[in-house]
Amino acid sequence: MALYQILEFPDARLRTVAKPVEEVNDEIRNIVENMLETMYHAKGIGLAATQVNIHQRIIVMDVSENNDQPYVMINPEYTPLDDDSEMMQEGCLSVPEYYADVKRHLRVQLTALDRDGNPYELEADGLLAHCIQHECDHLDGKLFVDYLSTMKRNRVRKLMEKRQREQARQA
Ligand code: GNR
Ligand code: NI
């Protein structure tokens, strides 16, 4: 097992559109294991492969209290289950220590492959539904700060660039 480095906004590689996984083999399962380890280590509730510079459609997630209910979503697709939406404060491991309200579909139906390559369906609401939409956005090169005004997003960019300069100086 290994930890991956997480790309941070405004890194252009976060804008890559990920390709579908053609075969769920040991190489993919190895990526999944490393992504789970990276997600738990970073104390996130989800992680998309895009965030670790792997441009394949793979997501890991765990929204449980005790971090003991991992979800693996390969080639995920979701459809909204109705017209209701909900605001929630979101954060992102690629935009550290910044939080903002984002409006998402309240309920979604997900189809995906599990780590054995078997298809499954899942109906989600609340935090899980938000997280599914947030992670699927990553696979399309999209970030939650894209929903903010240009002015706010530019402010976040400056904040992150400052943070990255300070970290580089300390390294
Ligand atoms: O850890 C995370 N928390 C979170 C909170 C609300 C909505 C979405 C998320 S996902 C985020 C981890 C992450 O960056 N995943 O891409
Ligand atoms: Ni994120």
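The values are calculated or read from the model by the stated rules, or taken from the named source; none is laboratory data. Everything numeric here is computed off the predicted structure, so don't read it as measured data. Positions of Cβ are generated from backbone atoms using ideal geometry, with glycine treated the same way; all protein chains shown enter the neighbour counts. For the accessible areas, the whole protein counts, side chains as well, though only heavy atoms, and no ligand, DNA or RNA atoms are used. Shrake-Rupley method; radii C 1.70, N 1.55, O 1.52, S 1.80 Å.
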_Set Lys19/Lys162; Lys19/Lys142; Lys43/Lys142; Lys103/Lys142 screened for pairs whose C-alpha atoms are more than 23 Å apart_ = Lys19/Lys162
*For region 28-93, what relative contact order do you get, as a whole percent, if you take Cα pairs closer than 8 Å and at least 6 residues apart?*
25
*Please arrange His41, His138, His105 by accessible surface area, largest first, computed with a 1.4 Å probe and ligands excluded.*
His41, His105, His138
*Of all the accessible heavy-atom surface of region 1-101, with the other protein chains kept in place and a 1.4 Å probe, what percent is carbon and sulfur?*
45
_Looking at the chain as a GNM with Cα springs under 10 Å, which of Leu106, Leu122, Leu14 has the largest mean-square fluctuation?_
Leu122
*asked:* Normalised by the empirical 2.2 N^0.38 Å for globular proteins, what value does the Cα Rg of region 123-162 take?
replied: 1.41
*Charge sum, other residues only, whose C-beta stays under 14 Å from Val156's C-beta, Lys/Arg counted +1 and Asp/Glu -1*: 0
*Most fluctuating residue of Gln133, Gln69, Gln51 in a GNM of the chain with Cα springs under 10 Å: which is it?*
Gln69
*What does the accessible area of Cys136 come to, in Å² to the nearest 10, when a probe of 1.4 Å is used?*
10
*Within a Cβ distance under 11 Å of Cys136, other residues only, what is the Lys/Arg minus Asp/Glu net charge?*
-1
*Using only the Cα atoms of region 1-113, build the gyration tensor, take square roots of its eigenvalues as a ≥ b ≥ c, and label the shape rounded, prolate or oblate: rounded if a/c is under 1.5, else prolate if a/b is larger than b/c, else oblate.*
rounded
_Residue-normalised accessible area of region 96-171, given per residue in Å² at a 1.4 Å probe_ = 58
*asked:* Using Cα-Cα distances under 8 Å and only pairs 6 or more residues apart, what relative contact order does the chain have, in percent?
replied: 23
_region 11-62: GluC sites (Glu not before Pro) in DSSP coil with no more than 12 other Cβ atoms inside 10 Å_ = Glu22, Glu23
*asked:* Taking R0 as 22 Å, what FRET efficiency do you get between Thr111 and Leu3 from their Cβ-Cβ distance, rounded to the nearest 0.05?
replied: 0.15
*Label-point separation in nm, Glu65 to Leu122, each point 7 Å along Cα→Cβ*: 2.0
*Net charge of neighbours whose Cβ lies under 11 Å from the Cβ of Ala2, counting Lys and Arg as +1 and Asp and Glu as -1*: -2
